Every structure is written in structure tokens, then in C-alpha cells.
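Bear in mind that the values in this text are calculations on the coordinates, not laboratory data. Not measured: the values here are computed from a predicted model. No Cβ is skipped: glycine too gets one built from the backbone with ideal geometry, and neighbour counts run over all protein chains shown.
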Amino acid sequence: VNYMINENHSLGAFYKYDRHPKSDFTDMLLTDEYENDILTEHSESDIRQSDESRKHIFNAYYNGKVGNLGIDFNVDGLFNKAETPGSTVEMATTATGETAQRSIESNTKNGNDFWATKLIFSYPVWNGELSLGGEYSHNHRTDAYSFTTSESVPVKATDTEINESATAAFFEYGRAFGRVFAQVGLRYENLTNNYFNFGVREDEVCRNYGDWFPSAIISMPIGQVQLSLSYRRDIKRPDYSNLTSSTIYINRYAYQSGNPYLKPTYTHSLVLNSAYKWINLILNYGRIKNSVTLSTEPYPGSDDPKISLVHPINTDEDYDQLSVIFVAAPTVGCWHPEWSVFTVFQNYKTPCADGSIKTLNHPFMQISWENVIELPQGFRLNANLLWESRGDYNNFRINKNRFNTTLGLQRDFSLGRMGTLTADLRCHDIFNTSKTGAIVYGPREIYSYNPARRTFSLDLTWKFNAVRSKYRGTGAGDSQKARM
């Protein structure tokens, strides 16, 4: 619903309901155990999961102008529930042929009750524009994990609640000086996190953060090239799914858990952006603190050295990361190609299984070539190539080059007053070359290998009442919603 009172005042609201009745997942996890290079056991884990979720999303807004004063007010709500029942049946066979079976049934539930408001005032000051605003959000997050098993396993049931409130105040001032535009800003955020397990408050996990986030940007044209240089301090708070205290079963040698002690990740970033016609080049330098990564460690309290726990942790040391992004996207008649090159350099330090510290500083590169060719009768041909190099990214050492070719055909079918139906048929990894392999460093090292898989997909999209929306709601609490 969108209502224009007059050219200076508008208000509106929208409601969206998402329902996913069922989504099934199956996997087979194969594990070989060696001692002194001799195979002692082979196990096969048959993993099955079923996902069900529903979500309510709401926004209401007012956008207006009183004299020279601009007003932008938004109220958001997000309420969702999800449930994931699953089972694992594991069959282990020793070198002598003896077999043993273990089974585990589990159920994971989570939900969010989220509200947020945001109010921004803007006013012309000194030939520029000053914006002042505030934002408030509150979320009640629940996570529950329960299980039954055929024999004792070091897994624990949990029923956690997180009550989290965030308050922010901010300002921005921007002004043009001839052909040069400059803008500065400052944001203060305070977040209070209260953590409960089975209704009992866990004081050592509860958090209270207060942080300042400055930003600045300057942009100007030099000839036909548009340049901008920006600085900002950012924060990325842990996803709610990573804050759970539950431990889940992968197989008899591996368990996975969350980490309610995770801290936010802070980044100081300096970005140089240049654009010339259909060519864009971006240099992005970041200094990163408390980066979140997966770590594999001996299972706490276990006497069996083969049992490991995989969980997210914060890095001990800050590190630097430089990314270079080049994109060229011309249009040549009915042909729309896009070439892109992404390269990242870093000096990430990680502990290794032998107790040493390794610096992961091998550059990683990704090159892609995407093509859209418009054909007669409303057909479109898609042909995409992707190549990824060996290299380092966070605590991953990618040790295999990867090449992927995707071919697709699209067509729009007009349904008259019923709208448009779009069919998109694709073959992914035509030549079965998209093999991946990596080492995940930590107190225990994981060697990961995924074979290539040629797959086919058909997407059908029906668009009806596809008119350009005049809705002016901008939303509130976006950074918090992204964590869900």
C-alpha cells in the first residue's frame, strides 16, 4: 500500500509472508581411519534432513518534507520460525570385517521476533546537506536442539534465548566544492545482549558493546574518469546461528558446535574506485580484527585423540587484506559480455597442527567471463566461464585450480493480462572440471576435496502486475536482519 498525500508527503506499508513447506537434503559422508598408514576402519554415514520454515515481514514508512526539513521514518518487523529434523545412520567396518552401527535422530528449531525503527532528518546547511538520525532494534532469538541416539555420544541438548537490543545515532554531512564532492559521517552504536540457556541467564556470555564508526568520502572527475576515495570503520556481528551453545553430531570422529563467546569483527577499510565508461577498477584495503573462522580442535574432555570438534572462533591477531577488482561490461549489439578479475592478497596468521604459526599469504585469483546473447523470438543464450586459482583466503589454503563452464537458454513467454513466464534452462559445469580442494588450518587440519558435478537446472519465474513501484520505504535494522 502506497499513498501519496501530495508531492511533499507520502506514506505506505507492505506485508510479506514466506512459507517453505518442505525441503529435503541427503548426503553420504565417507570416512577412512588410518594408523601408521594402515587402514583400520571405514565408515559410511547416511545423513538426511528436512527443512520447514515460515516468515512474516512488515514495513511501514513516512517520507516527507516540511519546508527545507526532510523526514524519513521507517518501522520494520520480521517474525520467523524454522524447524530441521534430521537423522544420521553410521555403519563402521573394521579392517577385520567387524561392523557396528550407530544412529542418531535430531531436531533443530529456531525463531526470531524482531522489531526496528529508524528516523532520519535532513536539512540544507552551508551549501551542503546535513543528515541526523537514530535507529533502534530489538530481537528475541530462540534456538533449541534435541536428539535421541542408539548409544552415548558427547552431544548435549540446548534451549537458548538471546534478547538483543541495539541503539544507534548518526550524522552525515556532504557538500560539493565545484566538481569535487566530499562527505563525512559518524555513527555510534550500543548493543546489549542477554543470553539464556534453559531459562537461566549466563552472565559470562552476555555482552554490552559501545562503538564509534567514522566514515569519509571524496569523489571527483578527472577527464572522463570518475574517481572516489573512501574510508570507513565497519562492524560485522556474528550470525545468530554461530552463537548457539549446542553440539551436533557429524560422525563418530567429528562434532560441530556454535560459540556464544564470539566477538564482532571490526574492519578499517580504504577504497579507491575508478570508473571509465563500461570499465570499473576497485582497490580495497582492509585491516581486520576478530575475524570469524572455523577451527578444528581436539574434543574437550575426550580421551580419544581421533575425535574432533569443529566450531567458529575469532582470530587472535589482526591481519591485512587487499583486494583488486576489475570489471569490463560493454554492449556490442545483441551481445552483452562481462569480464571480471578478482584478486586478494593477505597476511593471515594461523596455528597449525604441529604447534607452529603459518602465514597464509599466497594470492588468490578469480577470473570470469559471462555472456548474454539476445536471440530472435525472445530467446537469450547464457555462456559463462569461471576460473579460480590456488591461493589463500582466511585460514583456507586452496590447493586446486578450478574451472567451470555453464551454458543456459532463457525465454520469456507473454501470458497477456496474466503477466510473463520466464523459463531458464542451464547446464552447470559441462566438462566436469569444477573440482575443489583445500586445507583448513588450525590445531587440527582438515583436508577437503570435492569432485566435479555436472548438474542441470530449470527455473520458472512468473511475474504478474509487474509495474514500477513508487514505494519509498527504506527499511530499518538491515544489519541485524542479515544475521538471521
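Using a/c under 1.5 as the rounded threshold, could you call region 417-478 rounded, prolate or oblate? The axes a ≥ b ≥ c are square roots of the C-alpha gyration tensor eigenvalues, and prolate needs a/b larger than b/c, oblate otherwise.
Details: a/c = 6.24, a/b = 1.63, b/c = 3.83.
Taking the square roots of the gyration eigenvalues as a ≥ b ≥ c, region 417-478 is oblate.
Placing unit charges on C-beta atoms (Lys and Arg positive, Asp and Glu negative, everything else neutral), compute the dipole magnitude of region 293-381 about its Cα centre in debye, rounded to 20. Walk me through the intermediate numbers first.
Numbers: 4 positive and 11 negative charges, 68 e Å.
Using only the charged Cβ atoms, the result is roughly 320 debye.
Calculated from DSSP H runs of 4 or more alone, at -39500 (n - 2.57) each and per residue, what is the 222 nm mean residue ellipticity of the chain, nearest 500?
Details: 1 runs with 4 residues, N = 484.
0 deg cm²/dmol, from helical runs alone.
Among T244, Y173, F431, whose Cα lies farthest out toward the positive end of the dipole of the chain, if unit charges sit on the beta carbon of Lys, Arg (+1) and Asp, Glu (-1)?
Ranked along the dipole, the leading option is Y173.
With a cut-off of 8 Å between alpha carbons and a minimum separation of six or more residues, what is the relative contact order of region 31-148 in percent? It would help to have the intermediate numbers written out before the result.
Details: 265 pairs, mean separation 28.1, N = 118.
With pairs under 8 Å counted, the relative contact order is 24 percent.
Between rounded, prolate and oblate, where does region 331-484 land on the alpha carbon gyration tensor, with a ≥ b ≥ c its root eigenvalues, rounded for a/c under 1.5, else prolate if a/b exceeds b/c?
Numbers: a/c = 2.58, a/b = 1.73, b/c = 1.49.
Prolate, because a/c is 1.5 or more and a/b exceeds b/c.
With point charges of +1 on the Cβ of Lys and Arg and -1 on the Cβ of Asp and Glu, referenced to the Cα centre of the chain, which listed residue (W212, P337, N80) lies farthest in the positive direction of the dipole?
P337
Only one of the values [x] 200; [y] 190; [z] 142 was calculated from this structure for volume of the Cα convex hull per residue in Å³; name its label.
Here the calculated entry is [x].
For region 7-24, in order, what is each residue's ³J(HN,Hα) by Karplus, 6.51 cos²θ - 1.76 cosθ + 1.60 with θ = phi - 60°, in whole Hz (x at glycine and Pro)?
Listing the rounded values in order: 5, 9, 9, 8, 8, x, 7, 9, 9, 9, 10, 10, 9, 10, x, 6, 8, 9 Hz.
Where in region 103-184 are there trypsin sites (Lys or Arg not before Pro) that are in a DSSP coil and have at most 13 other Cβ atoms within 10 angstrom of their Cβ?
Values: sites: K109, K118, R141, K156, R175, R179; in loops: K156, R179.
Within region 103-184, the qualifying trypsin sites (Lys or Arg not before Pro) (loop, at most 13 other Cβ atoms within 10 Å) are K156, R179.
Starting at the first residue of region 215-232, write each ³J(HN,Hα) from the Karplus equation 6.51 cos²θ - 1.76 cosθ + 1.60 with θ = phi - 60°, in whole Hz, x for Gly and Pro.
8, 7, 8, 9, 9, 6, x, 10, x, 9, 9, 9, 10, 8, 10, 9, 10, 7
Skipping prolines and chain starts, which residues have an amide H placed within reach, meaning under 5 Å, of the one on Y348, given they are 5 or more residues away or on another chain?
L360
Name the residues whose placed amide hydrogens come within less than 5 Å of the amide hydrogen of V205, ignoring near sequence neighbours (fewer than 5 apart) on the same chain.
Sorted by chain and number, the residues that satisfy this come to none at all.
Estimate the FRET efficiency between K470 and T420 by the formula 1/(1 + (r/R0)^6), using the beta-carbon distance for r and 25 Å for R0, to the nearest 0.05. List each step's numbers first, then the result.
Values: r = 21 Å, r/R0 = 0.83.
With a Förster radius of 25 Å, E is 0.75.
Treating only the Cβ of Lys, Arg, Asp and Glu as charged (+1, +1, -1, -1), what charge dipole size does the chain show about its Cα centre? Round to the nearest 20 debye. Don't skip to the end; give the middle numbers.
Values: 48 positive and 54 negative charges, 461 e Å.
Charge dipole of the chain: 2220 debye, to the nearest 20.
Which trypsin sites (Lys or Arg not before Pro) in region 408-484 pass both tests, a DSSP loop state and at most 16 other beta-carbon atoms within 10 Å? If you can, show how the numbers build up before the last one.
Details: sites: R411, R417, R426, K435, R444, R453, R454, K463, R468, K470, R472, K481, R483; in loops: K435, R453, R454, R468, K470, R472, R483.
Here the sparse-neighbourhood loop sites are K435, R453, R454, R468, K470, R472.
Which of the peptides 158-166, 338-346 is most tightly packed, and how do the rest follow, judged by the mean count of other Cβ atoms within 10 Å per residue? Numbers along the way, then the final one.
On the way: 158-166: 18.4, 338-346: 16.7.
Those peptides, ordered most packed to least, come out 158-166, 338-346.
Using a/c under 1.5 as the rounded threshold, could you call region 221-317 rounded, prolate or oblate? The axes a ≥ b ≥ c are square roots of the C-alpha gyration tensor eigenvalues, and prolate needs a/b larger than b/c, oblate otherwise. Could you put the intermediate results ahead of the total?
On the way: a/c = 3.88, a/b = 3.09, b/c = 1.25.
Prolate, because a/c is 1.5 or more and a/b exceeds b/c.
Let's see if you can work this out: charge +1 on each Lys and Arg Cβ, -1 on each Asp and Glu Cβ, no other charges. What is the dipole magnitude of region 325-484 about its Cα centre, in debye to the nearest 20? Don't jump to the answer; show the numbers that get you there.
On the way: 20 positive and 12 negative charges, 85 e Å.
Dipole of region 325-484, to the nearest 20 debye: 400 debye.
Mind listing the phi-derived Karplus ³J(HN,Hα) values for region 236-243, rounded to whole Hz, using 6.51, -1.76 and 1.60 with θ = phi - 60°, and x for any glycine or proline?
Coupling constants for region 236-243: 10, 7, x, 4, 4, 5, 7, 8 Hz.
Which entries of K236/K263; K16/K81; K109/K263; K55/K118; K22/K481; K16/K55 show an alpha-carbon separation above 19 angstrom in the structure shown? Each step should come with its number before you reach the end.
Working: K236/K263 9 Å; K16/K81 15 Å; K109/K263 24 Å; K55/K118 22 Å; K22/K481 23 Å; K16/K55 8 Å.
Among K236/K263; K16/K81; K109/K263; K55/K118; K22/K481; K16/K55, the Cα-Cα distance tops 19 Å for K109/K263; K55/K118; K22/K481.
Residue separation times 0.36 nm, minus the C-alpha to C-alpha distance between R453 and L39: what's the value?
Numbers: separation 414, 0.36 × 414 = 149.04 nm, distance 2.79 nm.
My answer for the length gained is 146.3 nm.
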